[in-house]
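A quick write-up on the structure given underneath.
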Amino acid sequence: MIAGRYARAAKSLLLLLPLLASTSLHGQAGNFAAPEAPATQSGYGEDLLPRDEKDRAALLHTIAFDATVYGMSAYLHYEQLYRQVFDRGSDNYTGFNRFAHDRNLAGPDYATFKVPNTDTLYSTAWIDLSKGPVEIDIPATQLKYFTLNIFDIFGNPSNLSDRTIGFEGGRFLLVPRDWSGTPPEGVRIYRAATPQLWILMRAFAQSDSDVQKARAFQDAVRIIVPQGVGMANESGIPAPPPPAPGAIGYLRVLDYVLRADGWQPGEDALVSRFRPIGILGDKEFDPDALSPSARAAIESGYTAALAMLTRAKSQLGEPTGTGWMKVNKGVYGFNYVRRSVINIAGLGANVREENASYTTFVDGKGAVLDGASSRYTLRLQTPPPVNSFWSVTLYDAKTFALYPNPLNRYLISDRTKGLKVQKDGSIDIRIQHKAPVGGNWLPAPAGPFFVVIRAYGPKPEMLNGHWLPPAITQEQGGR
């Protein structure tokens, strides 16, 4: 019996020897290559969809959940793109490749995006590179600060700013990532990650003279498009669907964005996984092709993901130990939850090298900031170390908008008129609903609010964490 088994094993080994020898020799020669998978087995073909109804629903729920986490930032940028580029009835309509300028600092009714600063004038433009490069000309300026903050459709930022190019300005050719042409003499190349780009320009403005200079700078920045390229639907990108709430509206937009803009290198496997829910199929997303059970599973996955992302807003950044969160923004890589949550909180988040920021919804003891029941003080023993300027801005926690108040004061900064500085150089900021007796008053609503510290041109001690904001303390007794 045993001998018979040995004989059969020896015979099997003899049959395998030619194959083993062949593999070994190929390996030694260095020319072994794995066979290519047949086209029907490629990673872009249709994956197996479970026949069991519960299994299929669970899988579609999971895929919809992941697709929502992955693409929510693109959806939010797309909402703004649609209003500015394709919706001719919108107050924000400009079409592609043309700036819309805000001529005044943001106030409580600012609607372009949430959590705006009130330190700079904003300008916005959507650029279309589908028909070729677009040139941006930036003039020399004496402004204290400026940036052309450029975002791809997923919200990944970069900058043409005084930090990156100086105050002398220059000419820049925005090109698609696969472009291989030669730029005109004296023009530098900016290689874009996606064909559709959002430019959020910020120009420093505080005093009336600053505002005039900022407006002049806005007018002097030029977008130069190739001959024959239009400003709106005449671009090489087809007119997209209008954004709509819910899973179906979301997936329709995601399908459009991925077809028009592509995705990051290294994301092929992830993106191809979305095919069972109708993304990147042979035809554009069609909700009618989904069965009622599939649609229910997809709606459930979308709803669960959106709820998770919304709850995670309070986790943005790293705790400082004083109630503040150091906001880690602008560099996302494959961290899709962080990218989505940052953009749900507000579009336009820049890299820390341009604007280091801290946010808090609580005082130093962890209690929610609420102007209806409490008064607070923020004592800056040492003001934020910056090369440009800093500000402390208050927002309504229910609306994420600036709080309207009789003073029209939305921030305290190093430029605030009448700023009171202590003999030791410290600055006390009084944060409360009713006006205090003296002091630097930052008006708060009779309800929950949050505070953001912005440091433009942060110095190394801020970037490396040696400077941290102190806790906001709750005051006791009368005014």
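When each of K131, K54 is scored by the number of other beta-carbon atoms lying within 10 Å, the sequence from fewest to most is K54, K131.
In this calculation the C-beta distance from D208 to F99 is compared with R0 = 30 Å, giving a FRET efficiency of 0.85. Among D208, D268, D370, sorting on how many other beta-carbon atoms sit within 10 Å of each Cβ, with the fewest leading, yields D208, D268, D370. Rounded to the nearest 0.05, the FRET efficiency derived from the C-beta distance between T164 and T322 at R0 = 41 Å is 0.85. Take the Cα of V351, step 7 Å toward its Cβ, do the same at R171, and the gap between the two points is 2.6 nm. Counted residue by residue at 0.36 nm each, then reduced by the alpha carbon distance between them, the extension gain from S426 to R259 reaches 54.7 nm. The length gained on full extension between R191 and D178, counted as 0.36 nm times the residue separation minus their Cα-Cα distance, comes to 3.8 nm. Both the radius of gyration and Dmax for segment 317-474 are 15.3, 50 Å, in that order, over alpha-carbon atoms. Distance from the alpha carbon centroid of segment 380-413 to that of segment 68-139 works out to 23 angstrom. Against the empirical 2.2 N^0.38 Å scaling, what ratio does the C-alpha Rg of the chain come to? Ratio of Rg to 2.2 N^0.38 Å for the chain: 1.21.
Note on segment 36-176: Rg/Rh from C-alpha atoms, Kirkwood Rh, equals 1.12. In order along segment 425-441, the phi-based Karplus estimate (6.51 cos²θ - 1.76 cosθ + 1.60, θ = phi - 60°) of 3J(HN,Hα) comes to x, 7, 10, 9, 10, 8, 10, 6, 6, 9, 5, x, 8, x, x, 8, 8 Hz; Gly and Pro are listed as x. Does segment 401-449 come out rounded, prolate or oblate, given a ≥ b ≥ c as the square roots of the eigenvalues of its C-alpha gyration tensor, rounded meaning a/c under 1.5 and, failing that, prolate meaning a/b above b/c? The shape class here is prolate.
Partners of K144 within straight-line reach, counting lysines whose Cα lies under 17 Å from its Cα and excluding those fewer than 8 residues away in the same chain: K213, K459. Taking every C-alpha pair closer than 8 Å and separated by at least 6 residues, the mean separation divided by the residue count of the chain gives a relative contact order of 16 percent. Karplus-derived 3J(HN,Hα) values for segment 381-395, using 6.51 cos²θ - 1.76 cosθ + 1.60 with θ = phi - 60°, are 4, 10, x, x, x, 9, 8, 10, 6, 9, 8, 10, 10, 10, 10 Hz; glycine and proline are entered as x. Placing pseudo-labels 7 Å out from each Cα toward the beta carbon at V331 and K365 gives an inter-label distance of 3.8 nm. For segment 273-403, the Stokes-Einstein estimate of translational diffusion at 4 °C and a viscosity of 1.567 mPa s comes to 71 µm²/s, using the Kirkwood hydrodynamic radius over alpha-carbon pairs.
Every helix of 4 or more DSSP H residues in the chain counts as -39500 (n - 2.57), and over all residues that averages to -8500 deg cm²/dmol at 222 nm.
Straight-line cross-link reach from K398 at under 12 Å between alpha-carbon atoms covers these aspartates and glutamates, not counting any fewer than eight positions away in the same chain: D370. Normalised size of segment 235-348, defined as Cα radius of gyration per 2.2 N^0.38 Å with N residues, equals 1.24. Its Cα gyration tensor gives segment 364-457 an equivalent ellipsoid; the semi-axes, largest first and in whole Å, are 21, 15, 13.
I'd like to know how segment 100-224 sits against the 2.2 N^0.38 Å rule of thumb: what's its Cα Rg over that expected value?
In units of the 2.2 N^0.38 Å rule of thumb, it is 1.07.
Taking a point 7 Å from the Cα of A269 along the Cα-to-Cβ direction, the residues of segment 322-364 with backbone N closer than 20 Å to it are 333-337. Across the options T377, V362, L468, the greatest Cα extent toward the positive end of the charge dipole of segment 317-474 (unit charges at beta carbon of Lys, Arg, Asp, Glu) belongs to T377.
Taking label points 7 Å from Cα along the Cα-to-Cβ direction, Q315 and Q476 give a separation of 3.6 nm.
Throughout, read-outs are computed from the coordinates displayed, never taken from laboratory work. Note that the structure is predicted; figures quoted are calculated from it, not measured. Every residue, glycine as well, gets a Cβ built from its backbone with ideal geometry; the counts of neighbours run over all protein chains shown.
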